Every structure is written in C-alpha cells, then in structure tokens.
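Data block below; observations after.
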Amino acid sequence: MKSSIYVGSIRHRRFAPARHEFTYPLFMAFLDIDRLPELMSISRFAGYNHWNWASYHEHDHFGDPRKTLRERMFEDALERGVSLPDGPIFLLTHLRYLGYNFNPVSFYYCYDRAEQLQVIMAEVSNTFGETQNYWLNSTHSQPAGNNLKFRFPKTFHVSPFMQLAQEYEWTFTPPAGRLVSQCISHESGAAMFDSTLKLERREWSKAELHRTLTKYPWMTIKVIAGIHWEAMKLFLKRVPIVSHPGGDRFTKATTQHWGASW
C-alpha cells in the first residue's frame, strides 16, 4: 500500500421525483495518515497546515486538530465500540486548494499488519458545516464477491433535496490500480439516488502532483460551485426542498457507528 493520487470522475443520478444526472472529472489524494507532514513536503506547491496551492490541514477533519489523525480515529472508534486495526490507515480526501477546502465525503481505509482491509470509515460533511462519521465494519455483512458492501440507515442530513428517512447501500472496491465507491440511497424500498466515484491510481510524486494541479487547479472550489449549480437545476425542476431536521440550530452532528462488513 502506497500513498497515491487518484484521478477519475464522480457521477450522480437522481431517479425521483424528477430525473437528474451529471458527471464531473476530479482527483483525490490517498494518503498514509502517519506520514502526512512528510507527504505534503513533496513539492514547493504543497504544504502541511499552511497555505499553498495544495495543502493538508488538520482542521479540515474531525476531532481535536492538536492530536494526530490516528489518535483521533482511535478515540472515535473506541467511543463507538469499533476495534481499530493496528496496521496502516489511508485517507482518500480532497486537500485544501488555494486556501479553500470542502469534502462531501472522505474515506479512511484501515488495514491490519498483514495489510488486509478490515474497516472503512466515511467522514461525511454537509454545506451547513456539520460532519458525521460512519464506521463500517463486520457487524452487518452483505455478500458482494471481492467488493465491500454495506447497508445501514441514513442518520445525517446532507442534501436539502433528500429525505433523512432513507437507507444507504454502499459498495467499495479495495483500493488498488482502480478504485470505485458507489452509494445508493433507498427510500420506502426504492432506489432514489446513486453516486458513483470511479478513480485510477497515479504515483504520489512531485511530477504527478504538478501535472494534476495544472489540470485541476481549483478542485474544491469546483466541487462547491458544482453543488450549488446542480442544486439550482433541481430547484428549477421543482424537486421539493427538505428542511434541516435541526431547524435553525445547526450544531455539529454526533458521530454515529453503523456496522457493516464484507
């Protein structure tokens, strides 16, 4: 397992109450969480906890930024009754670009010492400044061949065009030369929406980072702009708006553990 750059696309499809679909190109960083300062020193255009073209900031992820990310993961897993394996952990995420960051979802791939994938944690964020962690482990399994498949209740408000009373079905391929993550949202037994992330691995190197930054210079700005652009299209299609369940009190969402496995 090595830190990498993953390049590909994200596709969203809505099936009801109005059909809507889009695909955007993107890239994400796949980083060993125990080597973050070292990895972000690869280029003069990259930085750790300071402004740069591409930078990793501890504040951009859950927990106390004064602690290491592994410490925060261990504490959160312990609180949720999850056994965190003692091998490498890789974070698939958007970095901060030109000082701006927004991650709809970051994935933590947790391995044992034999480099066997044991646990995935999904850190989900919404545009209200809230986050929630879904811990996916061996509590509820669904057979999916070589893929990793999870089904669990949705407990966190993400889109103002999606109900909270839904169930997620998440399927992952183990990270390799190719990486796929698909989320299907079910409502009353029917698939309402799916999101499919398809990526291909590139080397984590100065040359590859420069090449990728040149092609996608404002990645996270593009992500948030795309979210609002597509939301306007849904509004024009008269898709009903769902109020935030917390009303005007947009406090930080409580991290919730939901078991799943492969």
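The values are calculated or read from the model by the stated rules, or taken from the named source; none is laboratory data. Note that the structure is a prediction, hence the values are computed from the model and not measured. With ideal geometry, Cβ positions are generated from the backbone for all residues, glycine too; neighbour counts draw on all protein chains shown.
Here are a few things to note about the model shown:
- Those strands (runs of 3 or more DSSP E) lying entirely in the range 24-114 with at least 3 residues closer than 30 Å to residue 229 by Cα and out of contact with any helix residue (DSSP H, G or I) (no Cβ under 8 Å at 6 or more places or on another chain): 105-111
- Each residue in the range 1-40 was checked for being within 15 Å of the chain's Cα centre (by Cα) and of a type in the set (Ser, Thr, Tyr), and 2 of them qualify.
- Among residues of the range 53-86, those that are touching a residue at least 24 places away in the same chain (Cβ under 8 Å), among the acidic types (Asp, Glu) and surrounded by fewer than 18 Cβ atoms within 10 Å (Cβ to Cβ), counted: 2
- Consider the range 191-236 and keep the residues that are β-branched (Val, Ile, Thr) and either at pLDDT 95 or above or in contact with a helix residue (DSSP H, G or I) (Cβ under 6 Å, 6 or more places away or on another chain) (or both). The one that is nearest to residue 128 (Cα to Cα) is 196.
- Filtered residues of the range 1-52 (kept if touching a Leu at 6+ places or on another chain (Cβ under 7 Å), under 30 Å from residue 188 (Cα atoms) and either among the basic types (Lys, Arg) or surrounded by fewer than 19 Cβ atoms within 10 Å (Cβ to Cβ) (or both)): 9, 20
- Test for residue 97: is it without any contact (Cβ under 8 Å) to a residue 60 or more places away in the chain, within 23 Å of residue 222 (Cα to Cα) and crowded, with 19+ Cβ neighbours inside 10 Å: no
- Criterion violated by residue 68 - all others in (1) at pLDDT 95 or above; (2) in contact with a strand residue (DSSP E or B) (Cβ under 9 Å, 6 or more places away or on another chain); (3) hydroxyl-bearing (Ser, Thr, Tyr) satisfied: (2)
- Of the residues 93, 68, the single one that is farther than 30 Å from residue 189 by Cα and under 13 Å from the mean Cα position of the chain (by Cα) is 93.
- Members of the range 214-235 found to be closer than 14 Å to residue 100 by Cα, part of a helix (DSSP H, G or I) and touching a residue at least 12 places away in the same chain (Cβ under 8 Å), listed by number: 219, 220, 221, 222, 223, 224
- Any hit, the range 117-132, residues being over 30 Å from residue 146 (Cβ atoms), at pLDDT 95 or above and among the charged types (D, E, K, R): no
- So residue 123, is it under 20 Å from residue 34 (Cα atoms), touching a residue at least 24 places away in the same chain (Cβ under 8 Å) and surrounded by fewer than 18 Cβ atoms within 10 Å (Cβ to Cβ): no
- Pick from the range 163-183, criterion of a type in the set (A, V, I, L, M) and surrounded by fewer than 19 Cβ atoms within 10 Å (Cβ to Cβ), ranking: nearest to residue 235 (Cα to Cα): 164
- Residue satisfying all of: in the range 184-193; closer than 25 Å to residue 232 by Cα and among the small types (Gly, Ala, Ser); nearest to the chain's Cα centre (by Cα) among these: 185
- Test for residue 129: is it out of contact with any strand residue (DSSP E or B) (no Cβ under 8 Å at 6 or more places or on another chain) and within 21 Å of residue 13 (Cβ to Cβ): no
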